[in-house]
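Participant: Dropping the structure in here first, questions after.
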């Protein structure tokens, strides 16, 4: 044994000079070589360990996971490696900081020098610094990857926030444009077009419509729509919409039959109805619908509320403007145009007729024996007769004609493009039809109504508005003088046609 140990030490003396641990084991696991590096690491001298079984010093090497692999080496098999990741301390040794060295061990078979068989040469590298550097690198890498992910997430969040801000900016700009256009609208019909165009761009993935209550507040009707998925009735009773009934927004995602508005035709979509409110009055509702889930988001609902506020205010202002305009140009009792509007309209139509070389006729009419209605039934009955007559005339004239209250019970019809004979026939039709008008006051029949009518035509009977009106009035006077309930056409001499500047 001693001779063998001496031989091995002489042959492997150079391993004392290398900065790694080197140990040679016999098949019985006795130590035959232990280099100076291992002496330094383990504080076990050669004299203490050579010749002894290594398991006496390191019992863990007696475990099957080591013995089975060492056996292959002793049989001359290929080298085996005990990785530092799994076998960090195959020959435990401490560092100055009292921590164990992390070791990477390679076991190689070397042929015995004196007889057949193999030794196991253990080359043990201290990879503590390398492992620590690898671990530090991995930590740095993980931190870097985490920072990259955080940066990516931050960039994504910034991108999403930027897109959201861009969307908000677009919506604010579009809302501002819609408000400006609504303020410039002269009629509610113009406003409906503005709303439809704005809503289509503000709610690109939603279909919808603007629905308004009728004057009696009983029927809701679509006045504007956008998209191709309304799936709702276009006209329905007001009590079929919860939003109109309650005056509060109605948003449905999971369309339960008990909660869905009756005007809604299907149950597979999400929709919302938002009431149009102005000064405590419900004007109608804004309707939005989508088949896809997640489209009608909270942000879109808030936007819809804002849009509805703008629409409500604008429509209320337009209706007020139309009411004030009607009050300024219409007679409050009969609902017909007043004399001031008639004079402006007649001047414009006479100028147009002059340029187009077309006729314009005027019918002046008066209720026969109107004083009897007032004296017999009171002035309230007289007002009722004029009201019913106003309704009668609106129903019996063309859309291009206008009916006006000239003064008292005297009314005027202006018939653009109507020749004298056509005007006479229409006057005769009115004279006969009005007799079928039954006017009742508190259930009491006020008696039949008859009319006296005078007809005149431009340019035959006058070159300007005053002349034509005077001719029609003269014909009316003659109809009354000749017994009333009669149509008379003016028969005065023709008047020369003046240039356009004289048509006043």
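Where a number appears in this text, it was derived from the coordinates with a stated rule and is not lab data. Remember, predicted model here, so these are calculated numbers, not experimental data. No Cβ is skipped: glycine too gets one built from the backbone with ideal geometry, and neighbour counts run over all protein chains shown.
Participant: If one takes the longest principal axis of the Cα atoms in the chain, at what angle in degrees, from 0 to 90 and to the nearest 10, does the Cα axis of helix 188-202 lie?
Facilitator: Helix 188-202 sits roughly 10 degrees off the main axis of the chain.
Participant: Hey, with R₀ at 51 Å, roughly what FRET efficiency would residue 114 and residue 140 work out to, going by the Cβ-Cβ distance, to 0.05?
Facilitator: Numbers: r = 52 Å, r/R0 = 1.03.
According to the calculation, E is roughly 0.45.
Participant: Where q = 0.09, 0.15, 0.21 Å⁻¹, what log10 of I(q)/I(0) comes from the Debye formula for region 339-502, counting one point per Cα?
Facilitator: Reported log10 I(q)/I(0), two decimals: -0.30, -0.77, -1.36.
Participant: If you don't mind, there's one more thing I want to ask. Is any residue of region 118-136 close enough, with backbone N under 11 Å, to a label point placed 7 angstrom from the Cα of residue 27 along the Cα-Cβ axis, and if so, which?
Facilitator: 118-119
Participant: With only alpha-carbon pairs counted, each pair once and no self-pairs, how large is the Kirkwood hydrodynamic radius of region 281-394 in angstroms?
Facilitator: Here the Kirkwood hydrodynamic radius works out to 19.4 Å.
Participant: What list do you get for 253, 490 if you sort them by fewest beta carbons within 10 Å?
Facilitator: Numbers: 253 12, 490 23.
Final ranking by Cβ density, sparse to dense: 253, 490.
Participant: Okay, moving on. Could you put 368, 375, 331 in order, starting from the residue whose Cβ has the fewest other Cβ atoms within 10 Å?
Facilitator: 375, 368, 331
Participant: Please compute the Kirkwood hydrodynamic radius of the chain from all pairs of different C-alpha atoms, in Å with one decimal.
Facilitator: 33.3 Å
Participant: Note down the relative contact order for the chain as a percent, whole number, built from C-alpha pairs under 8 angstrom at least six residues apart. Working shown, then result.
Facilitator: Working: 819 pairs, mean separation 38.3, N = 504.
RCO, the chain: 8 percent.
Participant: Using alpha carbons only, how many degrees (0 to 90, rounded to 10) separate the axis of helix 128-184 from the longest principal axis of the chain?
Facilitator: For 128-184 against the chain, the angle is about 0 degrees.
Participant: On C-alpha positions alone, give me the angle between the axis of helix 339-356 and the longest principal axis of the chain, in degrees, nearest 10.
Facilitator: Long axis of 339-356 versus the principal axis of the chain: about 90 degrees.
Participant: Using the number of other C-beta atoms within 10 angstrom as an exposure proxy, rank 54, 372 with the fewest first.
Facilitator: 372, 54
Participant: Follow-up. Treat region 2-126 as a sphere of radius equal to its Kirkwood radius over Cα pairs and apply Stokes-Einstein at 10 °C in a medium of 1.306 mPa s; give the translational diffusion coefficient in µm²/s, rounded to a whole number.
Facilitator: 109 µm²/s
Participant: Between residue 417 and residue 248, what's the calculated FRET efficiency when r is the beta-carbon distance and R0 is 60 Å? Round to 0.05.
Facilitator: Using R0 = 60 Å, I get an efficiency of 0.70.
Participant: 222 nm [θ] for the chain, helices only, -39500 (n - 2.57) per DSSP H run of 4+, per residue, to 500?
Facilitator: Only helices count here, giving -14500 deg cm²/dmol.
Participant: Starting from a Cα-only point model with no solvent, please compute log10 I(q)/I(0) by Debye for region 203-309 at q = 0.11, 0.12, 0.22 1/Å.
Facilitator: Debye intensities relative to I(0), on a log10 scale: -0.28, -0.34, -1.24.
Participant: Could you state the number of Å between the C-alpha centres of region 303-341 and region 429-481?
Facilitator: 31 Å
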